[in-house]
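Nothing in this text is a laboratory measurement; each read-out follows from the coordinates by a stated rule. None of the values given here were measured: they were computed from a predicted structure. Because the Cβ atoms are built from the backbone with ideal geometry, glycine has one as well, and the counts that use them run over all protein chains shown.
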Amino acid sequence: MMRIDVISAVPDSLVSPLNTSIIKRAQERELVEIFVHNLRDYAYDKHKQIDDKPFGGGPGMLLKPEPFFECIEKFLSERKYDHVIFPSPGGKFYDQKTANKFSLKKKIMIIAGHYKGIDDRVRQKFATDEISIGRYVLTGGEIAALVIIDSVVRLIPGVLNDSESALNDSLMDGDIIEAPYYTRPAEYKNLKVPEVLLSGHEKKIKDWKEEQSKLLTDKWKKINNLE
Ligand code: 6GU
């Protein structure tokens, strides 16, 4: 079973999303165990302070190094981790290839920052992978941690049912966008399902899906300035 430890100053923001739908089911099936840790539990001074003003001035507060060091050093003494992931806007862009790589591992730790971030010594000392999920700014690393966990856990064998199968998903076999899907009703508010999908003609349906996939993939590359 894969083990994922997440350390956060706002652990509540992680709990509901991880206990929902497919990720919840993956934990119930004992395919992954996900532990959300409250940084404040590792603040050993009497005020349990986890943040402080940045040296050199500037607005906002930083997460102090000591609670992270206490927490991370404890975890590292208990087991060996394949990756210690540090979500950060300055990191390497996250992609499917990286998700595939992480999904093959057994022990992953994710260190989520909040406020203006974390004292940089935490990253220097412990991070093996610094990862950005895109060119925009978030309030913290928690949502990035959820993105990473979701994309990794769904790749663990047994997590998805056959009907949810990852095999032919968009981007799985290298940047392919799938044809659009429709269900009943065949017509709704004058919006029609493509005729071919109602035809029962297997070969025509297959050809249509391939054609749509190619069109959407080309359009996707164009709007995203790829190739
Ligand atoms: Cl990983 N963290 C934050 N705070 N902002 C981001 C990000 C991560 N990736 C893109 N923007």
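For the reader, a short list of remarks on this structure follows.
- Computed over the chain, relative contact order equals 20 percent, with contacts defined as Cα pairs under 8 Å that lie 6+ residues apart.
- Dimensions in Å of the range 114-227 - Rg and Dmax from alpha carbons: 20.3, 62
- Using equal-weight Cα scatterers in the Debye expression, the normalised intensity of the range 89-130 in log10 at q = 0.17, 0.30, 0.32, 0.35 Å⁻¹ is -0.58, -1.21, -1.25, -1.30.
- Normalised per residue, the volume of the convex hull around the Cα set of the range 2-153 (Å³): 116 Å³
- Positive-end residue, the range 175-227 charge dipole about Cα centroid, Cβ charges, pick of N224, L198, I176: L198
- Cα gyration tensor category, rounded, prolate or oblate, for the range 175-227 with a/c compared to 1.5: oblate
- For the options G57, G91, G117, a Gaussian network treatment of the chain with springs between C-alpha atoms closer than 10 Å singles out G57 as fluctuating the most.
- Each Lys and Arg adds +1 at its Cβ and each Asp and Glu adds -1 at its Cβ; summed about the Cα centre, the chain shows a dipole of about 120 debye.
- Using a cutoff of 8 angstrom between alpha carbon atoms and counting only pairs six or more residues apart, the relative contact order for the range 1-119 works out to 36 percent.
- Loop-located trypsin sites (Lys or Arg not before Pro) in the range 173-227 (DSSP state other than H, G, I, E, B) with a sparse environment of at most 15 neighbouring Cβ atoms within 10 Å: K189.
- Only Cα pairs under 8 Å and 6+ residues apart enter the sum, and on that basis the relative contact order of the range 25-67 stands at 28 percent.
- Local electrostatic count at D120 - Lys and Arg +1, Asp and Glu -1, tallied over other residues with Cβ under 13 Å: +3
- Using a simple spin-label model with pseudo-atoms 7 Å out from Cα toward Cβ, Y182 and L76 lie 5.7 nm apart.
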